[in-house]
Structures are given as C-alpha cells and as structure tokens.
Amino acid sequence: MSDYSTIGKPLPRVDGADKVTGQGKFSVDIHLPGMLHAAFLRSPHPHARILSIDTSRAERLPGVRAVITGRDTAGIRYSFVDTPRYPADETPLALDKVRYIGDEVAAVAAVDEDTAREALDLIRVEYEVLLPVFDAAEAMKPGSPILHEEVTEGSSAWEDWGARRTATSLPEYKTMGIYNLSGRTFVAQGDLEEGFRQSDYVREDRFETRATAHCCMEPHAAVASYDPSGKMNLWLSSMSIFYKRFILAKALGLPITRVRILKTYVGGAFGGKLDVFPYEFCAAFLSRQTGKPVKMELTREEVFATTRQRHPTIITAKTGVKRDGSIIAQDLRFIVDNGGYRGTGAVVIFLGHAFNAPLLRIPHYRYEGLSVYTNNPVRGPQRAHGTPQMRFAVDSQLDMIARDLGLDPVDMLIKNAREVGDVLPSGDKLESCGLRECIEGAASATQWKKVWAVPAAGKKKRGIGISVCAMFSGAPFYPFASASVVKMNDDGRATLFAGHTEMGQGGDTMLSMIAAEELGLGLEDVDMVSGDTELCPIDMGNFLSGGTYVTGNAVRLAAIDARRQLFEAAADLLEANPEDLEARDKCIYVKGSPEKAVALAKVVHASVQRHDGNPVIGRGFRKIVPGVDNYPSLAKAKGRFTNAYSFAAQVAEVDVNIETGEVTLVRATTHHDCGYALNPQIVEGQLDGCVSMGAGQALGEDIILTDGSLFNASFLDYKLPVSLEAITGQHVVVNTRDPGGPYGAKEVGEGAIAGILGAVANAVYDAVGVRITSLPVTREKVLEGLKRRA
C-alpha cells in the first residue's frame, strides 16, 4: 500500500482525455493562416562534391515563395556536441559536399506541398561523385575516403592496437593513420595485463549490432512563424525545448528571448527527437525570409533515412575470470558507425562505458570507444543510448564463460553484482542499488534453477536466458538543471508550470501527482502548464531519463515552498504553529485535531490579503548533481554524472522451431529497481514499451542499407512488432527508495530495453545450442547455426 494520498496510486493520465478525444495538438496538427509548405531537395549520392546549384527555374514556378541553398545559410554550424574537442560539423544545408544519401542540399517554400515538391524537380545540381565508405572498420583504415577534411592522414600504425591505447587525443590518432574518427573515449582501471595473468580462464569474442529505427507514430515536423516584432515562434516535436531554443537562437542570430517554442504533444520520441535538425532550422529561416508561417513535415521515408537511427556497432570483449566465476579483468572495444555527421557519436561511445560500469565489479578494466564517420545516414540517441548494444555483447559473453566453466550465469551475475556504496570509475557513488535483488527475483519468478540448461524435446525447443542493465537518472547537459513554479489560485486549486515536454511517457501526470501530494490536493485539482519556453521556467529536457528524478524534485520543492506560505497564513486562522499543520483533502488541518481545519481557498485569500496582494507562488529548482560542477569528460569518462542509477534484471523465455529457425519470445520477466513507483500504472506501461522495443530489436528490426541506400523505409517493410504481437510480460518493481529521488523514485522506462537483447540471444543458445553474435537473431542465422552443429 502507498504511504501517500496520491503518490504510489495507479491514477489515470492527465493528458488522456485530450488524446483520446482528438483534442491534443501535435506538431503535424498545427495550421496557421497563410502558412507555406516547405520541402527539401536531397542528395542522391552518398559522397559527392557540389560543383554548382541552379535554382532559377524553381524560383520562377508560380506559387514558390523562396528557395534557399547552402550559400544562404553559410557560416552556420550546429551539432548535439559542440566543444573545442568536438566542434560542430553539421550545416542546415550542404555547403561543399554531401556525405550521405538524403543529405539536405536545398529547401523550397511554396503555397502548398505539391508545388514545393514540383519546384524541387526544377533545381539543377552538378556533382563530382566521390568514393564512399560504408563500413566503420574500413573507414578507419589508411587510404579510406575522408569525409571531413579536419580528419587528417598520418603514418601507418593501423595494426598496432596496443600502441594506439596509449594515445590520449584525436590528433594523436590522426598521426597514427586512424582515419574518419569523430570521437574517442578511453578508460583504464587497475592493471589489465596483471588481471589476465591472475585469471584462470580468458575468453575473447566479437559481436555486431545493426542500425534500427525509432518508429514514432508522429513524423518529424516543425512549424515556424516569424512575426513583425522580430520574434520567432516555433511548434516542434521535441524532447528538450530549452536546448533546442538555445541552439536555434544561436544559429539564427537571434536573442534567446526572441525565440519561443510552444507546447505540442509529441507522438513518440525514444531519443529520436532530441537533436536539432535541418528541417527545424530551415522552417525558421524560410519563415523569416518570407514573412509567412512555414511548415515542414517529413515523409515517412525521410524520417527513416534522414533523421536519426540507433548506432550499429562492432564490439570486442575480452574477459578473464576465476574458476568460481569472479570477474578479474575485462577489455572492451566499442566501435560505432555515426554516419555522415557526428550526431551523438562522441556521446554514445562514452555511454557504452558509463552504462556498463554500474553493473559489475571488475578490478582490472579497460575500455575504448571510437565513433567513426561513414557515408551512411546519421545516427543518434535511441532509448538507453548505447547500452542495448553493450549488454548484448557483454552478457552474451558472460553466458558463454559460465557454460565453459560449468557455472550458472545467474550465480555468476550475483557474485559480481555491485552493491550500495560502491564508487564507480567516474566518481559516482551508488546511493541505492537493487541489482542483486533484481537478479534473484527474476530468476526465482521464472524457476531458473529448474529450467536452465535442461534439454527440450520436439521440434519447438524452449530456452531461457538472462541479462542485466543499468541507467542514469538525468544528464548534465544544457541547461544542467530544472526549475518549477507552483501558483495557488483563489479557489484553492494549483497551477503547475514546468518546462518539460509531455512526449507520451506520462510526465505531466507524474509531476502533477507530486504537486498534488505536497499540497493536499487531488490530481484533478492541479492544472499543468508545460512545454512552452515563454511560460515555463527552464528545464533540462526529457532525455537520459531525468524527468522524474530532476524535474520531479524541482516540482516537489516548488510545492513545498507554496505549502510553507500557506501554512504561515493558516497558522493565524487556526491559532497554531506552522509546524503543527498538515495539508490534505483540500484543507489545512492541525495534526491530531481533525476538527480544526480550514479550506485551502480561504487560506489563499487570507495570505493574499495579509501580504497586500502578494500571491502564493512557490519556486523550486534542482541540479542534476547538486553542489557538484565536475561534469564528465566524454573522452575520459571522469567526473560526476548523476546521483542515482536504476537497475534491472531481465529473463527471456523463447521457443525455437528447429525446422524453420523461427524464434518466438514467449515471456519476458523484468525485475526493475526504479526506487519507488510513483504511479504503478505508468511504470508498467513504460516497462511494456521497453520489452516490446527490445524484443523487436533482438528478433527482427534492421535498417537495410545497400551502398548507402535505404531499402525498408516504411512500416510495411521495416519489421516492427505491432500490438497483435505484444509480448507476455511480468514486471516487478524492486523498491529501494533512492535517498535523492522524489519519494525515493528514480529512472524507469529507458534502461529496461537493454537486457532483452542479451537475454533473448542467451535463451536461443539455451534452447538449441546456437550462439548468435550479431543482431538481429533471424531464422536464417539460427538455421545456419543448426546446420553447423549437425
């Protein structure tokens, strides 16, 4: 049972009525008077130099209001990471050359979409086609085509991986003949070689994962309206409106207060709507140029090919253990293909380590992550950014090692699991950690000891596998913190202002519940104002799962501040001390004396009257890591990142048909340490989503590229699980009550995708003895493996 009146209850979502009645507005629903429609001319080549662009015929087409190319936006660069080490490498429109098929070359604004697309056919571009490279490992080798000229050639030390481990910067790599690098992370702890000498058994394996799509129901869209006062108004499908406002204001050369992003719901994001995109910038640029509102909505094919995809990876893992399963040493190489531009390549290679480190104690450890330019589409964040790939590789190998040594992988995970109080290589300390309880609970719930490694009869063979995962509760990126305001109204209701974006995850509901709990109100008594940069205080944004932990804390502090003011006013009315009061049921009571009470509306009136009209307004703010300014280095993975990590253990049970190779995920069991479930119904929904997405990426999802061309850019061709293929899931919350989270809560809804991939691969091996080391697990790979075993 919940200890609270609102928190811990499975309450309905506050945005539910808007959405089920069709009243909720998404970016694609925005229509303004006189609005123009814009479209992109895109590169047909994966790698080519632009020699000339002739837009004259397009400009003369009736209905066309503006045509822009790279010469109009020259000098503007932006990127998710923009630092001296990793300078911005993207432009709104291509300047000197194009770097992947679909790269934006020109944009047209016209009276309707058909006219805009007709105008695109009239633009003439002369290209010098260049040699492309599509494989990350090949792109790093000497003689490979150079995508960005700032990556220079050097000597020929390609084969000497050990020597390269001593390099500390990208310039040093360039002098070693390592090409097309967009980022590097290196971490070392202990004495790796000594650790391998101490090990009784050492194993090295190579794993690969493929690019996958976000598959949001709402396509990417932006509406921009530049008004005569010089203000840019934008409606965006975005995960972080304040981050995007900062980047767009800088790119447009406008004061930040002259850019306003207005609320729309987000029809799915999963990381794919975090970056700033060319369509957002060009919609704004064209609106300013024409003086008209401009809408740019991408087609489904454009969304698949030209926004963001999950990074495909090559992972090499070398692990040394004692005979009892104690992990002594581990050496990881994480190579990611970030496509034609850096995107979040420099971030995902940092996260490949950062999401791995909180799970298992490994005294001797080395990690190197490399992000690489290729002529493929640009990659970016996708749910649990980097960790599904790493968990697939690491937990598959641990399963291999356990079997080689005759050990139970569950026992091996428990033996090496981190615990409360452990300090990570970054300096973060685990203030709460239910990992061991998650592993034990998931194993018990699935009768692991009875069914693991038990041969099955028949053509359909049942197998079981386990994997673990961890996730941050927030991220130290601009603007580093969240703030909130609670305003009490004359009728005793509250209006909550928070700058986060409701993108389907239930954030509006969760934050409203927190405010209601502290003020003694019902959920229906809190009105939410969110997702508007002009009305709301600054907010970090909904990425890396900081919404509840960071914004939730800010909301709680704002509500507590408002409650303090109410108690001060009520103390006079009730002839009591403020510390002897409590708020519940829309009233303020004297503790222990339920007959002594006053309605909140009366208290608000008294407070305003007493303070000469000063309203009751509470303010709250929360930094990711309060009091700490040492944010992490992407290159060295040092510095505090978060105060809270969530953990999960996931068990997959699969049926494998040995005649067809078909793999069916029969049941997925997740035991999740998310601190305290503020709304169990929302937690369950988030875990359902994680399991569904993880199952899709384990068993079928795959971006199919041939020479840079995407061949399955639609929901008809992309193998996405649908509602009829919903996985039977069992979700259990492991309650650890993190000391820093609101009511003990921390992340849920992102990290728990990661364990499914490794659990499925391990379950397939348990069923039929076929080890899949490259995702997705397809029937062709299973049949080939069975043929090799025959």
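Yes or no, residue by residue, for (1) among the hydrophobic types (A, V, I, L, M, F, W, C); (2) touching a Ser or Thr at 6+ places or on another chain (Cβ under 8 Å); (3) closer than 20 Å to Gly744 by Cα:
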{"position": "Gly613", "(1), (2), (3)": "no, no, no"}
{"position": "Gln650", "(1), (2), (3)": "no, yes, no"}
{"position": "Thr660", "(1), (2), (3)": "no, no, no"}
{"position": "Val663", "(1), (2), (3)": "yes, no, no"}
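The residues of the range 618-668 that are free of Cβ contacts under 8 Å to residues at least 12 places away in the same chain and of a type in the set (Val, Ile, Thr) amount to a single one, Thr664.
Assess whether Thr660 counts as being in a loop (DSSP other than H, G, I, E, B) and under 30 Å from Asp399 (Cβ atoms). Against the criterion (in a loop (DSSP other than H, G, I, E, B) and under 30 Å from Asp399 (Cβ atoms)), Thr660 qualifies.
Residues checked against (1) loosely packed, with under 12 Cβ neighbours inside 10 Å; (2) modelled with pLDDT of 95 or more:
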residue: Pro87; (1), (2): no, no
residue: Asp103; (1), (2): no, yes
residue: Glu118; (1), (2): no, yes
residue: Tyr127; (1), (2): no, yes
residue: Val133; (1), (2): no, yes
residue: Gly154; (1), (2): no, no
residue: Trp161; (1), (2): yes, no
residue: Leu170; (1), (2): no, no
residue: Arg184; (1), (2): no, no
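Residue pairs whose Cβ atoms lie under 8 Å apart, sitting 6 or more positions apart in sequence or on different chains, and linking a residue in the range 555-575 that is of a type in the set (Asp, Glu) to a partner that is open to solvent by 30 Å² or more (accessible area, probe 1.4 Å), are Asp561/Arg619; Glu568/Pro578; Asp572/Arg610. Restricted to the range 194-259, the set of strands (runs of 3 or more DSSP E) holding at least 1 residues that are free of Cβ contacts under 8 Å to residues at least 40 places away in the same chain comprises 232-236. Just one residue in the set Pro594, Pro537, Pro626 is of a type outside the set (A, V, I, L, M, F, W, C) and over 30 Å from Tyr645 (Cβ atoms); that residue is Pro594. Could you say which residue among Ile658, Ile682 is open to solvent by 10 Å² or more (accessible area, probe 1.4 Å), more than 14 Å from Gly729 (Cβ to Cβ) and under 20 Å from the mean Cα position of the chain (by Cα)? Being open to solvent by 10 Å² or more (accessible area, probe 1.4 Å), more than 14 Å from Gly729 (Cβ to Cβ) and under 20 Å from the mean Cα position of the chain (by Cα) holds for just one of Ile658, Ile682, which is Ile682. Across the range 320-344, the qualifying residues are those that are among the small types (Gly, Ala, Ser) and at pLDDT 95 or above, and the one among them that is farthest from Asp673 (Cα to Cα) is Gly340.
Among the residues of the range 739-758, those that are of a type outside the set (A, V, I, L, M), more than 17 Å from the chain's Cα centre (by Cα) and assigned to a loop (DSSP other than H, G, I, E, B) comprise Pro739, Gly740, Gly741. The condition (being without any contact (Cβ under 8 Å) to a residue 60 or more places away in the chain, out of contact with any Phe, Trp or Tyr (no Cβ under 7 Å at 6 or more places or on another chain) and open to solvent by less than 40 Å² (accessible area, probe 1.4 Å)) is satisfied by just one residue among Pro742, Pro721, Pro776: Pro721. Within the range 99-128, the set of residues being under 21 Å from Ser56 (Cβ atoms) and either polar (S, T, N, Q) or within 30 Å of the chain's Cα centre (by Cα) (or both) comprises Glu104, Val105, Ala106, Ala107, Thr115.
Okay, residues lined up against (1) touching a His at 6+ places or on another chain (Cβ under 7 Å); (2) open to solvent by 30 Å² or more (accessible area, probe 1.4 Å):
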| position | (1), (2) |
| --- | --- |
| Arg65 | no, yes |
| Gly70 | no, no |
| Pro84 | no, yes |
| Val98 | yes, no |
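Taken as a whole, the condition of being assigned to a helix (DSSP H, G or I) and closer than 22 Å to Glu784 by Cα applies to Gln697.
Okay, residues lined up against (1) touching a Cys at 6+ places or on another chain (Cβ under 9 Å); (2) open to solvent by less than 10 Å² (accessible area, probe 1.4 Å); (3) more than 30 Å from Val187 (Cα to Cα); (4) charged (D, E, K, R):
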position	(1), (2), (3), (4)
Leu407	no, no, no, no
Asp411	no, no, no, yes
Arg418	yes, no, no, yes
Gly421	yes, no, no, no
Lys429	no, no, no, yes
Arg436	no, no, no, yes
Ser444	no, no, yes, no
Trp452	no, no, yes, no
Lys461	no, no, yes, yes
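Looking only at residues of the range 329-361 that are surrounded by 24 or more Cβ atoms within 10 Å (Cβ to Cβ) and β-branched (Val, Ile, Thr), we find that the one that is nearest to Asp89 (Cα to Cα) is Thr344.
Give me the pairs: first residue in the range 345-361 and assigned to a loop (DSSP other than H, G, I, E, B), second residue surrounded by fewer than 24 Cβ atoms within 10 Å (Cβ to Cβ) and of a type in the set (D, E, K, R), beta-carbon distance under 6 Å, and six or more apart or on different chains, which are they? If the second residue must be surrounded by fewer than 24 Cβ atoms within 10 Å (Cβ to Cβ) and of a type in the set (D, E, K, R), the pairs left are Arg361/Arg418. No other residue among Phe285, Phe270, Phe281 is under 30 Å from Arg65 (Cβ atoms) and open to solvent by 10 Å² or more (accessible area, probe 1.4 Å) apart from Phe285. Looking across the range 46-69, the residues that are within 24 Å of Asp114 (Cα to Cα) and either of a type in the set (A, V, I, L, M, F, W, C) or within 30 Å of the chain's Cα centre (by Cα) (or both) come down to Ile53, Ala58, Leu61, Val64, Ala66, Val67, Ile68.
Checked against (1) among the polar types (S, T, N, Q); (2) within 24 Å of the chain's Cα centre (by Cα); (3) more than 30 Å from Pro46 (Cβ to Cβ); (4) surrounded by fewer than 17 Cβ atoms within 10 Å (Cβ to Cβ), Thr736 meets all criteria but (4).
When you check Gln650 against the structure, is it crowded, with 20+ Cβ neighbours inside 10 Å, under 27 Å from Arg418 (Cβ atoms) and either over 23 Å from the mean Cα position of the chain (by Cα) or of a type in the set (S, T, N, Q) (or both), yes or no? Answer is yes for this residue. A count restricted to the range 307-337 and to residues that are of a type in the set (A, V, I, L, M) and over 28 Å from the mean Cα position of the chain (by Cα) stands at 4. Can you say whether Val486 is at pLDDT 95 or above and surrounded by fewer than 24 Cβ atoms within 10 Å (Cβ to Cβ), as far as the supplied structure shows? No; evaluated as a whole, the condition is false for this residue.
The set of residues in the range 757-772 being surrounded by fewer than 19 Cβ atoms within 10 Å (Cβ to Cβ) and either modelled with pLDDT under 95 or touching a Lys or Arg at 6+ places or on another chain (Cβ under 9 Å) (or both) consists of Gly769 alone. Candidates Arg49, Arg42: the one that is in contact with a strand residue (DSSP E or B) (Cβ under 8 Å, 6 or more places away or on another chain) and either more than 27 Å from Val294 (Cα to Cα) or at pLDDT below 95 (or both) is Arg49.
The values are calculated or read from the model by the stated rules, or taken from the named source; none is laboratory data. Keep in mind that what you see is a predicted model, and the values were worked out from it rather than measured. Using ideal geometry, Cβ is built from the backbone for each residue, glycine included, and neighbour counts are taken over all protein chains shown. Keep in mind that these areas ignore ligands, DNA and RNA; they rest on the heavy atoms of the full protein, side chains included. Shrake-Rupley method; radii C 1.70, N 1.55, O 1.52, S 1.80 Å.
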